[in-house]
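Participant: Just dropping this structure here.
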Amino acid sequence: MSATPRPELEPVTGRYLRLDIQGKPHRFYVEEAGAGIPLLCLHTAGADSRQYRGLLNDPETLARFRVIAFDLPWHGKSSPPAGWHKAEYKLTSRAYVDTIMAVVDAMRLDKPVAMGCSIGGRIVLHLALEHGPRFRALIGLESGAHAEPYYDLDWLHRPDVHGGEVCGGMISGLIAPTAPEADRWETIWHYMQGGPGVFKGDLHFYTADGDVRGRVAEIDTAKCPLYLLTGEYDYSCTPADTRDLARRIEGAEAIIMEGLGHFPMSENPELFLEYIRPVLAEIASAPKAAHATDAASRV
């Protein structure tokens, strides 16, 4: 973040949204800025909507899109539901999809674009399978059909280990080595602030429950265009994983982002904007009705 010569209010506004998810009352924190096509942004595992601070402050994007980012329950400023202490938190595909669609309905979003990163990138594949016609387009950042755990997830929630510091340490290597220092450490700080067991619970979806390898070929990009963008330094969802996913989904577009890692919108917001602006411009210029894309995958 560059220095400012005088105090400045950002265009971002925050509110709380009350609604029931799977029969339980929730209080969601929602931030938004801009006007136009709704663009619903989904954060990564164990983090929150602060990751989209760059997009929420980008005048070019805000001129055409109403950018909306909310914190999942248990994350950021969205508290868990009453009685959370009586069970272990584990994010499931069903709860994740139901939560997103409940927010879409509650905010009366007409044919929004949904963009998610990591677990958010995985869930857009589920949205494409279950609710494709409800969306103008779907964007998967660091989006893979499955991920095998490559470290012992129990380290993320142990009484003898500082949860915030171990979560920050686990994700630090997923950030590109070229990321600006301030944005790198802000991204790590988000993880260091997560609630006990939340990152681990999200990874239940990412490494087990959310596996869609056997279904991705069913995604119909004629009903909803799908864009896949992955950072070159990501070793959780690798460029090879993204290229393979694009080959298996007819009409999907794959873009490998040089100089970025697993958290592109947060670790280097300015560089990420260079990649996402052309995608958003293409979406904005297309008809609102379901529109097919026969573009070859860009790799």
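The values are calculated or read from the model by the stated rules, or taken from the named source; none is laboratory data. Note that the structure is predicted; figures quoted are calculated from it, not measured. With ideal geometry, Cβ positions are generated from the backbone for all residues, glycine too; neighbour counts draw on all protein chains shown. We work out accessible area using only protein heavy atoms, side chains counted, and drop any ligands, DNA or RNA first. Shrake-Rupley method; radii C 1.70, N 1.55, O 1.52, S 1.80 Å.
Participant: Between residue 95 and residue 178, what is the label-to-label distance in nm when each label sits 7 Å out along the Cα-to-Cβ direction?
Facilitator: In this crude spin-label approximation the distance works out to 3.9 nm.
Participant: What is the sum of charges, Lys and Arg at +1 and Asp and Glu at -1, for the other residues whose Cβ falls under 14 Å from the Cβ of residue 277?
Facilitator: -4
Participant: Still on this structure, I have one more. Roughly speaking, what is the stretch gain from residue 148 to residue 286, that is 0.36 nm per residue apart minus the C-alpha to C-alpha distance, in nm to one decimal?
Facilitator: On the way: separation 138, 0.36 × 138 = 49.68 nm, distance 3.64 nm.
Stretched out fully, the residue 148 to residue 286 stretch lengthens by 46.0 nm.
Participant: Quickly rank 250-263, 84-97 as a protection proxy: mean count of other C-beta atoms within 10 Å, highest first.
Facilitator: Top of the packing list down: 250-263, 84-97.
Participant: Could I ask something else about it? What is the diffusion coefficient of segment 179-266 in µm²/s, taking the Kirkwood radius over Cα pairs and the Stokes-Einstein relation at 37 °C with a viscosity of 0.692 mPa s?
Facilitator: Values: Rh = 15.0 Å.
Approximately 219 µm²/s, per Stokes-Einstein.
Participant: How much space per residue, in cubic angstrom, does the convex hull of the C-alpha atoms of segment 123-211 take up?
Facilitator: Per residue, the Cα convex hull of segment 123-211 comes to 126 Å³.
Participant: Determine the dipole magnitude for segment 45-196: charges of +1 sit on the beta-carbon of Lys and Arg, -1 on that of Asp and Glu, nothing else is charged, the reference point is the Cα centre, and the result goes in debye to the nearest 20.
Facilitator: 620 debye
Participant: Taking each full run of DSSP H in the chain as one helix, which ones are at least 24 Å long along their axis (Cα atoms) and have mean Kyte-Doolittle hydropathy of at least 0.5?
Facilitator: Working: long enough: none.
Length and hydropathy pass: none found.
Participant: Here's something else I'd like to know. So how strong a dipole does segment 167-283 carry about its Cα centre when Lys and Arg Cβ are +1 and Asp and Glu Cβ are -1, to the nearest 20 debye?
Facilitator: 300 debye
Participant: Just the number, please: carbon plus sulfur as a percent of the accessible area of the chain, 1.4 Å probe, no ligands or DNA/RNA counted. It would help to have the intermediate numbers written out before the result.
Facilitator: Details: 6920 of 13200 Å².
Carbon with sulfur: 52 percent of the solvent-accessible area.
Participant: Continuing with this model, one more query. If you average the sequence gap of Cα pairs under 8 Å that are 6 or more apart and divide by the length of the chain, what percent do you get for the contact order?
Facilitator: On the way: 625 pairs, mean separation 57.4, N = 299.
Over the chain, the number comes to 19 percent.
Participant: Here is a further query. Hey, what's segment 1-112 come to in accessible area per residue, 1.4 Å probe, Å²? Don't skip to the end; give the middle numbers.
Facilitator: On the way: 5750 Å² over 112 residues.
Per-residue accessible area for segment 1-112 comes out at 51 Å².
Participant: Post the alpha-carbon centroid distance, segment 10-43 to segment 106-169, in whole angstrom.
Facilitator: 17 Å
Participant: Taking +1 at the Cβ of each Lys and Arg and -1 at the Cβ of each Asp and Glu, which of 235, 144, 84 sits farthest along the dipole of the chain towards its positive end, judged by Cα position relative to the Cα centre?
Facilitator: 84
Participant: Sum up the charges of everything whose Cβ sits under 15 Å from the Cβ of residue 27, counting Lys and Arg as +1 and Asp and Glu as -1, but leave residue 27 out.
Facilitator: Values: positive: 15, 18, 24, 77; negative: 20, 31, 48, 71.
Value of the local net charge: 0.
Participant: A further question on this structure: Tell me the mean residue ellipticity at 222 nm calculated for the chain from its helices only (DSSP H runs of n ≥ 4, each -39500 (n - 2.57), averaged over every residue, nearest 500).
Facilitator: After summing the helix terms and dividing by residue count, I get -9000 deg cm²/dmol.
Participant: Let me ask something else. Starting from the 7 Å offset along Cα-to-Cβ, what nm value, one decimal, do you get for the label separation of residue 82 and residue 63?
Facilitator: 4.8 nm
Participant: Given the options 176, 281, 131, identify the residue whose Cα lies farthest towards the positive end of the charge dipole of the chain (+1 on Cβ of Lys, Arg; -1 on Cβ of Asp, Glu).
Facilitator: It is 131.
Participant: What size of dipole, in debye to the nearest 20, comes out for segment 106-244 about its Cα centre when the only charges are +1 on Lys and Arg C-beta atoms and -1 on Asp and Glu C-beta atoms?
Facilitator: Here the size comes out at about 640 debye.
Participant: State the antiparallel share, in %, of DSSP beta bridges confined to the chain, rounding to the nearest 5.
Facilitator: Antiparallel: roughly 40 percent of the beta bridges in the chain.
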